[in-house]
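The values are calculated or read from the model by the stated rules, or taken from the named source; none is laboratory data. What you are looking at is a predicted structure, and each value in this text was computed from that prediction instead of being measured. With ideal geometry, Cβ positions are generated from the backbone for all residues, glycine too; neighbour counts draw on all protein chains shown. Ligands, DNA and RNA are stripped out before the accessible areas are found, and what is left, the full protein with its side chains, is counted by its heavy atoms. Shrake-Rupley method; radii C 1.70, N 1.55, O 1.52, S 1.80 Å.
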Amino acid sequence: MKRSISAGAVLIGVFLLPAYALASSHREAPEIAGMPRVDGTDFYMFRSYEPGRSAYVTLLANYIPLQDPEGGPNFFNLDPNAVYEIHVNNDGSAETNIAFKFHFNTSFKKLAVDASGKEIPVPLINIGPISDSGANLNVSQSYTIEVTKSDWGTGSLQNVTSGGTRFWKPADNIGNKSIPDYAAYAQTFIYEIGIPGCANPGRVFVGQRKEGFVANLGEIFDLVNLNPVGPRDGQPNALYDKNVTSIAMEVPISCLTAKGETVIGAYTTASVREGDRWRQVSRLGMPLVNELVIGLPDKDKFNQSHPKYDAQFLSYVTNPSLPVLLNALFGGAAVVPGTPRDDLVAAFLTGVKGLNQPAKVTPSEMLRLNTATAATPPASQNDLGVLAGDAAGFPNGRRPYDDVVDITLRVAEGALCGKIGACGSETTDPNHGAPYTDGAQAAGPDAAHTYLGGAIKATDTYLSVFPYLNTPIPGSPNGPNGLPGPTGLSP
């Protein structure tokens, strides 16, 4: 199917493109841009590849985007007036079968100093070096986790490590004087969890991590001011010097799947309290959906919606705008695939048949993982995932290392045409496998890959053990050129 585009439409497309910025879910919709504490940035789900943990699935829900390491004096606590949820579907429907709900509480010690005979409260969150005891910590957060199962009921997760039902979040990485060994400090906040109805314990960690998402934001915002088929590792990652807050869970596969089904779908939401009810303000499953697929008038609506109502957004998937905008910028270098885009319906709404599509599926947007697919060891992972033959990568779940920007660009431009569904009348990729890229590439876990003259190494971004995202960059000192000092958690 051919499309024509007028000069006026080209101009409109060019000036609207920054609204579709490739920033995963960082400030992606008008309302959530002003609510950073409940802004879900990235969602990951994959079979655990830490040695000895192959019977588990890891789920990571990241919140609070674009954290500057030096962002004090308050730093980045989660919202005690919100509920953060991880939803899991295990029967192919658009409904939640299992929901993990995180509720946070903030405690203030009101630490003070004697200022000439008067006790004066201090303006900082710590008054000395911080240990896991928290003696010098002025502000701290704890949380509880509630699980609801559609066939079982509701219960609280148990803290197997410390006892009870309460867990604690480490302070953010203020700096090396406040927390000399942040990796060791954060390690003490990984807890074993007892899940009602589940025979084996899982693990949980909530705290600040180094941002794992990779994108060349500046040049993308500037009307895609780059060579879209240039080298994949030739440009800097705009998020390299940022941190993020991660809600990380590791759950036995047997506690997530339904009998006879190996595929699960999942997504994360955040809701704020309004009177006596909760109002959902953030939703994230597949990456880049609310950035590259959903139109500006419906972005807030998408964040407030549930998968069972996704039919209202179908035209954004079957007739996407992004390929038209890229064609307006790059002409024949980015041919618009024909419509309707059945390949995108599979990628975003149903899972890919033979890869991660449930036996019976209701089209609905969520990240889907076939738990029967073995995890790829860290050193062998390919950051282009399924497109490069790594069946354990995106879109079969999502690992931190997967380059979802490059993958999504290629899929949007027709990489799956003829493989999992025709694009309109076309049965082949109209762009003939063009290697679209934003030019920023991550260093892989435990791999020898380096880029930008060797300045960025594998251990700077990812771990090969839970919680998989590396130690956050300290606020002081943060090393030469903003590169981090200490590396990650030990197994």
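Go through the stretch 305-330 and give me each residue that's open to solvent by less than 40 Å² (accessible area, probe 1.4 Å) and aromatic (Phe, Trp, Tyr).
Matches in the stretch 305-330: PHE313 only.
The rows are residues; the columns are (1) exposed (fewer than 15 other Cβ atoms within 10 Å of the Cβ); (2) at pLDDT 90 or above.
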{"position": "HIS432", "(1), (2)": "yes, yes"}
{"position": "ASP438", "(1), (2)": "no, yes"}
{"position": "ALA443", "(1), (2)": "no, no"}
{"position": "ALA455", "(1), (2)": "yes, no"}
{"position": "LEU463", "(1), (2)": "no, yes"}
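Please enumerate the residues belonging to the stretch 225-271 that are under 30 Å from ALA334 (Cα atoms), of a type in the set (Val, Ile, Thr) and crowded, with 23+ Cβ neighbours inside 10 Å.
none
Across the stretch 208-259, what is the total count of residues that are touching a residue at least 12 places away in the same chain (Cβ under 8 Å), closer than 30 Å to GLY92 by Cβ and not in a strand (DSSP E or B)?
8
Here is a yes/no grid of residues against (1) buried (at least 24 other Cβ atoms within 10 Å of the Cβ); (2) in contact with a Cys (Cβ under 8 Å, 6 or more places away or on another chain); (3) modelled with pLDDT of 95 or more:
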| site | (1), (2), (3) |
| --- | --- |
| THR339 | no, yes, yes |
| ASN356 | yes, no, yes |
| VAL361 | no, no, yes |
| MET366 | yes, no, yes |
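Looking at the stretch 21-39, which of the residues that are farther than 24 Å from VAL83 by Cβ and assigned to a loop (DSSP other than H, G, I, E, B) is modelled with the lowest pLDDT?
Filtering the stretch 21-39 for residues that are farther than 24 Å from VAL83 by Cβ and assigned to a loop (DSSP other than H, G, I, E, B), the one modelled with the lowest pLDDT comes out as ALA21.
Can you tell me which residues in the stretch 327-359 are closer than 21 Å to VAL57 by Cβ and not hydroxyl-bearing (Ser, Thr, Tyr)?
Across the stretch 327-359, the qualifying residues are ALA347, PHE348, GLY351, VAL352, GLY354, LEU355, ASN356, GLN357, PRO358, ALA359.
Of all the strands (runs of 3 or more DSSP E) wholly in the stretch 108-166, which have at least 3 residues that are among the aromatic types (Phe, Trp, Tyr) and surrounded by fewer than 17 Cβ atoms within 10 Å (Cβ to Cβ)?
Counting at least 3 such residues, we get no strands (runs of 3 or more DSSP E) at all.
Which number in (1) touching an Asp or Glu at 6+ places or on another chain (Cβ under 7 Å); (2) of a type in the set (D, E, K, R); (3) open to solvent by less than 40 Å² (accessible area, probe 1.4 Å) marks the one condition that GLU85 misses?
(1)
Return yes or no: is ARG209 in contact with a strand residue (DSSP E or B) (Cβ under 8 Å, 6 or more places away or on another chain), on the phi < 0 side of the Ramachandran plot and open to solvent by 60 Å² or more (accessible area, probe 1.4 Å)?
Spelling it out, it is not the case that ARG209 is in contact with a strand residue (DSSP E or B) (Cβ under 8 Å, 6 or more places away or on another chain), on the phi < 0 side of the Ramachandran plot and open to solvent by 60 Å² or more (accessible area, probe 1.4 Å).
Has the stretch 387-399 got at least one residue that is within 25 Å of GLY332 (Cβ to Cβ) and crowded, with 18+ Cβ neighbours inside 10 Å?
Yes, the stretch 387-399 contains at least one residue that is within 25 Å of GLY332 (Cβ to Cβ) and crowded, with 18+ Cβ neighbours inside 10 Å.
I need the full set of residues from the stretch 260-316 which are under 28 Å from LYS360 (Cβ atoms), more than 13 Å from the chain's Cα centre (by Cα), polar (S, T, N, Q) and assigned to a strand (DSSP E or B), in order please.
GLN280
What are the pairs with Cβ atoms under 6 angstrom where one residue, in the stretch 337-356, is within 13 Å of VAL317 (Cα to Cα) and the other, located anywhere, is open to solvent by 30 Å² or more (accessible area, probe 1.4 Å) and among the charged types (D, E, K, R)? Sequence gap at least six, or different chains.
GLY338/GLU426
Quickly run through the stretch 413-428 and pick out the residues that are open to solvent by 10 Å² or more (accessible area, probe 1.4 Å) and in contact (Cβ under 8 Å) with a residue 24 or more places away in the chain.
Hits for the stretch 413-428 are ALA415, LEU416, LYS419, ILE420, GLY421, ALA422, GLY424, SER425, GLU426.
Can you say whether ILE98 is at pLDDT below 95 and buried (at least 19 other Cβ atoms within 10 Å of the Cβ), as far as the supplied structure shows?
No: the conditions fail for ILE98.
Being under 27 Å from the mean Cα position of the chain (by Cα) and either of a type outside the set (A, V, I, L, M, F, W, C) or at pLDDT below 95 (or both) is the filter here; which residues of the stretch 162-173 pass it?
Scanning the stretch 162-173 gives THR165, ARG166, LYS169, PRO170, ASP172, ASN173.
Can you name the number of the only condition in (1) touching a Leu at 6+ places or on another chain (Cβ under 9 Å); (2) at pLDDT 95 or above that LEU111 fails?
Here LEU111 clears every test but (2).
Could you check the stretch 258-287 and list, in sequence order, the residues that are modelled with pLDDT of 95 or more and of a type in the set (Asp, Glu)?
Listed by number, the list holds a single entry, GLU261.
Yes or no: ALA333 surrounded by fewer than 21 Cβ atoms within 10 Å (Cβ to Cβ) and of a type in the set (A, V, I, L, M, F, W, C)?
It is true that ALA333 is surrounded by fewer than 21 Cβ atoms within 10 Å (Cβ to Cβ) and of a type in the set (A, V, I, L, M, F, W, C).
Select from the stretch 139-181 the residues that are in contact with a Gly (Cβ under 9 Å, 6 or more places away or on another chain) and aromatic (Phe, Trp, Tyr) and write down the one among them that is farthest from ALA82 (Cα to Cα).
TRP152
Given (1) touching a strand residue (DSSP E or B) at 6+ places or on another chain (Cβ under 6 Å); (2) open to solvent by 20 Å² or more (accessible area, probe 1.4 Å); (3) of a type in the set (S, T, N, Q), where does ASN382 come up short, assuming only one miss?
(1)
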